[in-house]
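The values are calculated or read from the model by the stated rules, or taken from the named source; none is laboratory data. All of these numbers come straight from a predicted model, not from anything done at the bench. Cβ coordinates were reconstructed from backbone atoms using ideal geometry, including for glycine residues, and neighbour counts include every protein chain displayed.
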């Protein structure tokens with residue numbers, strides 16, 4: 001039986017900590033029983049379940065879950081733009097906006113920032129992603145992008161993965177300034193992105209529903225930004241104007257209730273990821289970051 005403990009590095013303290021497991025009983029059921037694996041596969045391949053859960057979380061009666069959730073996962077309510085009593089449902093709280101000062105944006109045009117709160121893995125070379133494959137499941141950039149030409153442009157590039165847990169702030173932001181194109185939707189399943197589930201099936205990134213946006217950046221070249229849905233997260237909402245100039249740290253959109261993932265792709269020799277993120281990733285440890293912190297610097301020859 002696999003341990004249900006999952007460790008990460010707290011970037012602010014440098015300490016290795018244990019991540020709280022949401023719905024641990026369900027995770028254990030899905031992982032360790034034949035019936036659970038069958039139920040899990042059915043739920044992930046049937047978007048009706050996620051739609052039902054999403055609608056339930058928008059009901060006014062779910063307000064009662066907000067305070068216990070905040071206390072259990074030690075969420076700082078003072079960071080929210082609105083007081084807890086002002087939210088009309090659990091989902092309304094889940095997609096909350098934060099006060100600007102809660103997530104300061106690391107300055108400097110040569111700095112690329114973390115696009116979301118979450119647990120990060122970085123790969124200076126996308127080829128290194130295969131080191132995290134399990135049971136010979138190889139990572140496929142072409143499957144992720146469903147665009148052979150685009151995939152070829154990033155085959156020698158770099159990648160960052162930000163995994164958002166249910167207790168994280170679920171709005172995502174632009175890591176660089178530039179011109180953001182129109183998001184391209186790729187429909188797919190809604191497998192969980194919980195770390196224990198990813199150990200069983202890394203290919204969920206290329207199987208789940210996702211949206212792909214290309215950002216034309218003067219400092220970092222053409223950056224590919226991918227939002228990946230997950231179990232209970234059928235809804236990826238974009239709040240920016242496609243084709244417009246976007247500032248670093250500006251809001252791009254938000255995920256509805258559940259866990260989810262943001263993936264960034266960089267062309268070769270465009271970014272040098274911060275040393276602490278590279279070091280921890282090489283050890284197989286995610287680094288928990290806040291949106292707006294430094295992800296890396298512009299590559300300079």
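Can you tell which of 233, 214, 278, 223 is crowded, with 22+ Cβ neighbours inside 10 Å and modelled with pLDDT of 95 or more?
Answer to the check: 223.
Which residues, taken from the stretch 99-136, are in a loop (DSSP other than H, G, I, E, B), modelled with pLDDT under 95 and either under 19 Å from the mean Cα position of the chain (by Cα) or surrounded by 14 or more Cβ atoms within 10 Å (Cβ to Cβ) (or both)?
133
Right, residue 159: at pLDDT below 80 and either over 24 Å from residue 107 (Cβ atoms) or crowded, with 22+ Cβ neighbours inside 10 Å (or both) or not?
Answer is no for this residue.
Can you name the condition, by its number, that residue 174 falls short on among (1) within 30 Å of residue 78 (Cβ to Cβ); (2) modelled with pLDDT under 95?
Of (1) within 30 Å of residue 78 (Cβ to Cβ); (2) modelled with pLDDT under 95, only one is false for residue 174: (2).
Would it be correct to say that residue 167 is assigned to a loop (DSSP other than H, G, I, E, B) and either modelled with pLDDT of 95 or more or crowded, with 22+ Cβ neighbours inside 10 Å (or both)?
So residue 167 fails the test.
Can you tell me how many residues in the stretch 57-78 are under 23 Å from residue 290 (Cβ atoms), exposed (fewer than 10 other Cβ atoms within 10 Å of the Cβ) and either at pLDDT below 95 or in contact with a strand residue (DSSP E or B) (Cβ under 9 Å, 6 or more places away or on another chain) (or both)?
1
Could you check, for the stretch 80-87, whether at least one of its residues is surrounded by 14 or more Cβ atoms within 10 Å (Cβ to Cβ), at pLDDT 95 or above, part of a loop (DSSP other than H, G, I, E, B) and within 18 Å of the chain's Cα centre (by Cα)?
There is no residue in the stretch 80-87 that is surrounded by 14 or more Cβ atoms within 10 Å (Cβ to Cβ), at pLDDT 95 or above, part of a loop (DSSP other than H, G, I, E, B) and within 18 Å of the chain's Cα centre (by Cα).
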